[in-house]
Amino acid sequence: MLEPWDELLNLQRERQLCADDLEIIKTACARDHGKKHVIQCPECWDRLLNRMRDRYLNSSAKEWFSGRRLFLQELDTMFSKARGGSLDFKTIEQRINDEKQEWYRDKVKNIGLLSAAKSTPEARRLQQTLNDSNLTIDELASELRGSISDNAPWNEAALESFLDRLKDAKTLQARNDIYVNAFFHSSNGAHGAGQYEKYTAMVRNGTPIPEVVNAMLRDRRSAQSEQDQKQRLQAKLDELKRAKAAHELSLAKKHKARQDRATAAAAAASEEQSQLAPCTVCLKTLNAQDFLACPLCQLLNEQYEQAHEPVVYCSQKCHDSDYVRSILYYPLLALLLAVFRS
C-alpha cells in the first residue's frame, strides 16, 4: 500500500505524461492535418480520447481511482460514447471530478482523524464535519485543517518542498531521512527530537509510516489513560485534603468552644468566690483562698450538665471524713442519673 504522498507523486507524474502526450497529438494534428482544433479531426480526436481513456483504464501506477471498478466501467462507456459523438467531453470531466470528491470524502473518513481530537466533544464535532455532505471539498478540507491544527496556516510551500525532496531521493534510507526531518524535526529543537526518538528509530529502521502512526496513537492512548488515573488519584487526594481541613476546622471550633467555656467558668468562679457553698461536712463557711473540692464530682457535673451544689470542704479533715461518699456514692448516683437522662 502506497503512502498518500506517493499517490500524489504518481498522480502528478502520470498527469504530466498524459498532458505531454495530448499536446503532441494536438501539435501533430495542426501540423499534419491543418486543423485549428483537434476535435475537427476524427482521426486525431480518437487518438486523444484513447490517450485520455488509457490514463484511467490502463494506468500502471497506483492512483486515487485504482480499484474503483464501477467507476472505471462507467468511464469506459462514457469514452465510447464520446468517440461516437454522443457525449460531450466536459461531461466526462465532471464525472471524474465527482468521483474524485467521493474518493476524498471516503479517504478522510478512514485515516483516523478522530484520534487527533483533544476531547470527546471535539471528536463529535469532527465526526459531524466528516458526515456533512453539504460541505464542498474546499470547505471540508478547511474545517478539517482547523480541527487538527488549531487553525495554523496551511504551509503549501512546505508540502511542495517535501514532495520535491522525495522525488530526488534515490534510496530507501534517503526517503526515511526525509520522513524524519519532515515529521519529527520542528522548532522544538533537541527536546522535540528526544521526545520522538522512539518513532524516528522506527522510521529509520524501515517501519512503514502507518505503523509508526499506529504506535504513536497507542502510546498516546496509554499516556492519556495514565493521565486520567493521575487525575482521579489527585481528585481523591484533594478530597482527603478538604476532609482533613474540615476536620481540623471542626477541632479548632471545638477547642475554641472549650476555651470559651473555660473562660466563662473561670469568670463565674471568680464572681462566685464570695458566695461559695458551705463545707459539705461541717457546713462551715469556706475561706475563698483555702478550701478543697471533689474534682471527680465537679467533672461529672460539667460532663453531664447536672445542676448539683458543689462538693467542697473547709479542711483536709472534712475531705477525708467524706471520702467514701464523695468518691464512690456521689459519682455513682451522678452516673445513674446521667444514664436515666440519656
Proximal lysine pairs, region 4-111, alpha carbons under 26 Å, eight or more residues apart or interchain: 17
Order of R83, R69 under a 10 Å beta carbon neighbour criterion, fewest first: R69, R83
Sorted by Cβ neighbour density within 10 Å, fewest at the top, the residues C318, C297: C318, C297
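To the nearest whole percent, what portion of all C-alpha pairs in region 1-58 is separated by more than 20 angstrom? Present the calculation step by step, with values, prior to reporting the outcome.
Values: 578 of 1653 pairs.
Cα-Cα pairs of region 1-58 separated by over 20 Å account for 35 percent.
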Nonlocal amide H pairs with S59, under 5 Å, H built at 1.01 Å: none
P(r) tail fraction, region 199-251 - alpha-carbon pairs more than 14 Å apart, %: 69 percent
FRET efficiency estimate (nearest 0.05) - Cβ-Cβ, E239 to E139, R0 45 angstrom: 0.45
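Relative to 2.2 N^0.38 Å, what does the C-alpha radius of gyration of region 4-111 come to as a ratio? Two decimals please. Please report the intermediate quantities before stating the final value.
On the way: Rg = 15.3 Å, N = 108, 2.2 N^0.38 = 13.0 Å.
Here the Cα radius of gyration is 1.17 times the empirical estimate.
Values in this text are rule-based calculations from the coordinates and carry no lab data. Keep in mind that this is a model prediction, so the values were computed, not measured. Every residue, glycine among them, receives a Cβ derived from its backbone with ideal geometry; neighbour counts consider all protein chains shown.
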